[in-house]
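Trainee: Here's a structure for you.
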Amino acid sequence: MKNRAWLFLVPALVLMAISAFIPLMTVINYSLHYIFAGSAPTFVGFENYAEVLQDPAFQGALVRQLVFSSLVLLVEVPLGVMVALAMPKRGPWVAVCLVLLGIPLLIPFNVVGIIARLFTQASIGVIPALCELVGYNFNVALDPIDASLTVFLIDVWHWTPLVVLLCYAGLQAIPDAYYQAAQIDGASTWQTFRYVTLPKLRPVLIIGVLLRFMDSFKIYAEPLLLTGGGPGSSTTFLSLHVARKAESYELGYAGASSIIYLFIVIVLSFIFFQLMSNIGKGEQK
Amino acid sequence: MKKRTLGLLAYFIILAVPIYWMINTSLKTDNEILKQLTFWPKDPTLKNYIEIFTSSIWRNSFFNSIVYVCLNVLITLVAAVPGAYAFSRWKFRGDHHLFFWLLTNRMAPAAVFMVPFTELYYTMHIYDTHWAVALAHCLFNIPLAIWILEGFMAGIPREIDETAFIDGYSFGRFFRKVFFPLIAPGIGVAAFLCFTFSWIELILAKALTVTEAKPVVVTLTVGIGAEGVRWGLLAAAGVLTMVPGAIVVYFVRNYLAKGFALGRV
């Protein structure tokens, strides 16, 4: 039986080997070499890693990325849970809500960037016009805070629906009996949420948090289209910083920074995973 | 209860505003967009849409996107369904580690993988074809699909498999007649999410195509940043990028409702 399991995994593993393992090995190989367009690569050991870690541009991008991803999680996850709780449980409106939630998810990243630019463009955008009404001078091209806030808000707009969809699935899977029991015990709305809904939602929330964390770490097209990562470097997140290096064929630097990047995401995801799994366990005993 | 519904309504309105704005812009002339801010098109025109439909570049790029996304969904499901079955039904050495390793691939920074991917697909002679993008997107979609399908399959009691085998079903027949209908909503959800992520992915799609398989996401970025962005045209193309997905959502809406309801996800 055990061998049979591996047999079933063969197609997935072969594909992952081609599309994940080989490229990863190539990236590690780059990261240990000094490569510049045209010249033959020379082996430099961990020099690229040292260079990346000491580069203020990388440090800046990393800090911005961590702040951005934390904010994304802090806002999108609670908001997603709240919207999912407010959704109708059955009836014709369920399909309508699901389709509406699905639509933002289907808009390509760069189209979301275009929408953001359309909204914030001086003299033709809605947001600058609205801000002018209250006397605030909104300008994504000059004000780093305006630009960062715009990138953050469009990410919330684009991806909260995914959290809602996942949480809604989780909520639907909770048997009504649990709620009836809570009601008989005289639990308040908050207590029901805290001791029935939330623990039951845990597996789905773990997936939601991990997916949002991983994907927010990869944000690329939206700031690129909005302001090209500016003003200054205020919206240059990790992906953008690394992609620039790769595009200018500084492959050693790009390779080393992406290995560090991947390492950080895996470690943080693992911590989230462990923390969220353990919190739940303590409660169910 | 009433307050909840109002809140939900407010959320959906906010969700719809950017979409409305894109449709609104797509129906305006470039002149109107640049001259003043109007909340509905004063002089509605289909010019932008006509321009897209009559341009072979736009038509081909829409076609290319649809082809590689469908290929990707197909490859992903063929690989992920048996994979997820293995994870949900059997315990084997290292299964937890393998599962987490699969997940870590979803975290891979596409920005850097684009160079090795380019080299790899050159060597395989599939650079700038639909296959290149379809295979590259497997990197994110196979882990996601296995993850989701495993949840659905774990929710189906093992006794169902055992009963079927006792009744003399072969594995293939059991899968077609018994198991597949049970997990169909799960496959619908997984297919929808894979479709979504492949449809909207930009970095790899851009790096792996030049002309032959150039997708619509790449065509869309041409002309941005240069002087005089054609907002109306971009908005119309943006609206059109939602259409194939919206059709998919419409067809799987019941599966989606049922699938999201059944699955542990």
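Trainee: Helix A:144-172 against the longest principal axis of chain A: what's the angle in degrees, Cα atoms only, rounded to the nearest 10?
Mentor: 40
Trainee: Also: Treat each spin label as a single point 7 Å out from the Cα along the C-beta direction, and report the A:ARG4 to B:PHE53 distance in nm.
Mentor: 5.4
Trainee: Can you show me the helix-derived [θ] at 222 nm for the protein assembly as shown, built from DSSP H runs with n ≥ 4 at -39,500 (n - 2.57) apiece and divided by the number of residues, rounded to the nearest 500.
Mentor: Working: 27 runs with 409 residues, N = 550.
The per-residue figure over the protein assembly as shown is -24500 deg cm²/dmol.
Trainee: How large is the translational diffusion coefficient of chain B in µm² per second when you combine the Kirkwood radius over alpha carbon pairs with Stokes-Einstein at 4 °C and 1.567 mPa s? Before the final figure, lay out the partial values.
Mentor: Numbers: Rh = 21.2 Å.
Here the translational diffusion coefficient equals 61 µm²/s.
Trainee: Please work out the average accessible area per residue across chain A, using the 1.4 Å probe convention, and give it in Å².
Mentor: Computed with neighbouring chains in place, this is 45 Å² per residue.
Trainee: I've got another one for you. Leaving ligands, DNA and RNA out of it, report the carbon-plus-sulfur percent of the accessible area of the stretch B:55-263 at a 1.4 Å probe.
Mentor: Details: 5160 of 8010 Å².
The value for the stretch B:55-263 is 64 percent carbon and sulfur by accessible area.
Trainee: Going through the cross-link list A:LYS245/B:LYS206; B:LYS28/B:LYS214; A:LYS200/B:LYS91; A:LYS89/B:LYS177; A:LYS218/B:LYS91, which pairs have a Cα-Cα distance over 21 Å in this structure? All intermediate terms of the calculation are to be shown ahead of the outcome.
Mentor: Numbers: A:LYS245/B:LYS206 16 Å; B:LYS28/B:LYS214 27 Å; A:LYS200/B:LYS91 24 Å; A:LYS89/B:LYS177 30 Å; A:LYS218/B:LYS91 33 Å.
Violating the 21 Å limit, Cα to Cα: B:LYS28/B:LYS214; A:LYS200/B:LYS91; A:LYS89/B:LYS177; A:LYS218/B:LYS91.
Trainee: How long is the stretch B:1-150 along each principal axis, judged by its Cα atoms, biggest number first, in Å?
Mentor: 66, 55, 26
Trainee: In whole angstrom, note down how far apart the Cα centers of the stretch B:198-216 and the stretch B:41-86 are.
Mentor: 11
Trainee: Here's something else I'd like to know. For chain A, modelled as a Gaussian network with Cα springs under 10 Å, which listed residue fluctuates most, A:ARG244, A:ARG117, A:ARG64?
Mentor: So, out of A:ARG244, A:ARG117, A:ARG64, the one fluctuating most is A:ARG244.
Trainee: Moving on. Using only Cα atoms and rounding to the nearest 10 degrees, what angle (0 to 90) does helix B:2-26 make with the longest principal axis of chain B?
Mentor: 50
Trainee: Okay, next question. Around B:LEU15, what is the net charge, scoring Lys/Arg as +1 and Asp/Glu as -1 over all other residues with Cβ under 14 Å from its Cβ? Mind showing how you got there, number by number?
Mentor: On the way: positive: none; negative: A:GLU76, A:ASP155.
Residues near B:LEU15 contribute -2 overall.
Trainee: Using the crude model of +1 on Lys and Arg Cβ and -1 on Asp and Glu Cβ, and no other charge, please compute the dipole size for the stretch A:1-136 relative to its Cα centre, in debye to 20. Walk me through the numbers on the way to the answer.
Mentor: Values: 6 positive and 5 negative charges, 155 e Å.
That gives the stretch A:1-136 a dipole magnitude of about 740 debye.
Trainee: Taking 22 Å as R0, compute the FRET efficiency from the Cβ-Cβ separation of A:VAL134 and B:LEU37 and round it to 0.05.
Mentor: With R0 = 22 Å, the Cβ-Cβ based efficiency is 0.85.
Trainee: What percentages make up the Cα-Cα pair-distance distribution of the protein assembly as shown when the bins are 10 Å wide from 0?
Mentor: 3, 17, 27, 28, 17, 7, 1, 0
Trainee: Along the charge dipole of chain A, which of A:PRO11, A:TYR34, A:ILE271 sits closest to the positive end, that is, farthest toward it, with unit charges on the beta carbon of Lys, Arg, Asp and Glu (+1, +1, -1, -1)?
Mentor: About the Cα centre, the residue reaching furthest to the positive side is A:PRO11.
Trainee: Can you work out the FRET efficiency for the pair A:ASP143 and A:THR189, with r the C-beta to C-beta distance and R0 = 41 Å, to the nearest 0.05? Walk me through the numbers before you get to the answer.
Mentor: On the way: r = 41 Å, r/R0 = 1.01.
For A:ASP143 and A:THR189, the calculated efficiency is 0.50.
Trainee: Using the Kirkwood radius over C-alpha pairs as Rh, can you work out the diffusion coefficient of chain A via Stokes-Einstein at 37 °C, viscosity 0.692 mPa s, in µm² per second?
Mentor: Numbers: Rh = 22.0 Å.
Once the numbers are plugged in, D ends up at 149 µm²/s.
Trainee: What is the dipole size for chain A, taken about its Cα centre, with +1 at each Lys and Arg Cβ and -1 at each Asp and Glu Cβ, in debye to the nearest 20?
Mentor: Values: 15 positive and 15 negative charges, 221 e Å.
With only Lys, Arg, Asp and Glu charged at Cβ, the dipole is about 1060 debye.
Trainee: Right, here's the next one. For a quick check, take a GNM of chain B with Cα springs below 10 Å and name the residue from B:TYR20, B:TYR11, B:TYR250 with the largest mean-square fluctuation.
Mentor: For chain B, modelled as a Gaussian network with Cα springs under 10 Å, the answer is B:TYR11.
Trainee: In nanometres, what is the gap between the two model label sites at B:ASN254 and B:ILE23, each 7 Å from Cα along Cα-to-Cβ?
Mentor: 2.5
Trainee: How large are Rg and Dmax for the stretch B:1-44 when only the alpha carbon atoms are used, in Å?
Mentor: 14.6, 47
Trainee: With +1 on the Cβ of every Lys and Arg and -1 on the Cβ of every Asp and Glu, and nothing else charged, how large is the dipole of the stretch A:117-263 about its Cα centre, in debye rounded to the nearest 20? Show your work: numbers first, answer last.
Mentor: Values: 8 positive and 10 negative charges, 70 e Å.
Approximately 340 debye in magnitude.
Trainee: When chain A is treated as a GNM, springs tying every alpha-carbon pair under 10 Å, which of A:TYR220, A:TYR49, A:TYR195 comes out with the largest mean-square fluctuation?
Mentor: Result: A:TYR195 has the largest fluctuation of those listed.
The values are calculated or read from the model by the stated rules, or taken from the named source; none is laboratory data. Note that this is a predicted model, so its numbers are computed, not measured. Neighbour counts run over all protein chains shown; Cβ positions are idealised from the backbone, glycine included. SASA here: full protein model, heavy atoms, side chains in, ligands and nucleic acids out. Shrake-Rupley method; radii C 1.70, N 1.55, O 1.52, S 1.80 Å.
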